[in-house]
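Here is the structure we will look at, set down as structure tokens.
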Amino acid sequence: MADVAEVLGMLVSQDATVAVAESLTGGLIGAAITSVSGASKAFRGGVLSYATDLKHTLLGVPEELLSREGAVHPDVAAAMAAGVARLCGATYGVAVTGVAGPEPQDGKPVGLVHVAVCGPGGRIWGRELRLRGSRERIRVETVDEAVDLLAGVLKANIGEHSG
């Protein structure tokens, strides 16, 4: 798993910024990033869109997509990531949506999580997770996976977007 300080270092070295859109993690990704000294050099902010309607009104996730698929879907995570990058004026948007439990939601099982990163030009990278364990464990592992996905994207983009 990637280290948050390492991810922030890559963002700074690429003169890039990040914003987060969180649902099931309720702010844990933003908290992890801002726990590192110097985070303000790369972290723009975020949106906690726990309620499904806020995914539409704040982040621009299409209402039709939410009504058809529910909040836990890869396209919803992708739209959330793009929406938060746009809203916060960030180079990268990171989003998570899923079911932490204890009960399934909208027919989706506990532990199903979608993570997405939106980068320059609107390019999307996504990851589907099937996590097990307690609600807290699912939330913490989601944070780790989101940071890890962003790290992989940043490593792949080294030199692509730096001055």
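The numbers here are math on the coordinates, done by the rules we state, and not lab data. What you see is a predicted model; the values in this text were computed from it and never measured. Cβ atoms come from the backbone with ideal geometry, glycine included; neighbour counts cover every protein chain shown.
Structure above, values below:
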{"quantity": "Per DSSP, loop trypsin sites (Lys or Arg not before Pro) in segment 102-163 with at most 13 further Cβ within 10 Å", "calculated": "Arg123, Arg132"}
{"quantity": "Cα centroid separation, segment 53-105 to segment 120-137 (Å)", "calculated": "12"}
{"quantity": "Rounded to the nearest 20 debye, dipole of segment 6-163 from Cβ charges on Lys, Arg, Asp, Glu", "calculated": "160"}
{"quantity": "Tilt relative to the chain, helix 135-156 - C-alpha long axis, 0 to 90 degrees, to 10", "calculated": "40"}
{"quantity": "Cut-off 13 Å between beta-carbons: net charge of the residues surrounding Val117, Lys and Arg +1, Asp and Glu -1", "calculated": "+1"}
{"quantity": "Cα gyration tensor shape of segment 1-145, rounded if a/c is under 1.5, else prolate or oblate by comparing a/b with b/c", "calculated": "oblate"}
{"quantity": "Using alpha-carbon coordinates, inclination of helix 74-88 to the longest axis of the chain, degrees", "calculated": "50"}
{"quantity": "Gyration tensor (alpha-carbon) shape descriptor, segment 111-161, a/c threshold 1.5", "calculated": "prolate"}
{"quantity": "14 Å beta-carbon shell around Gly60, net charge (K/R +1, D/E -1)", "calculated": "-2"}
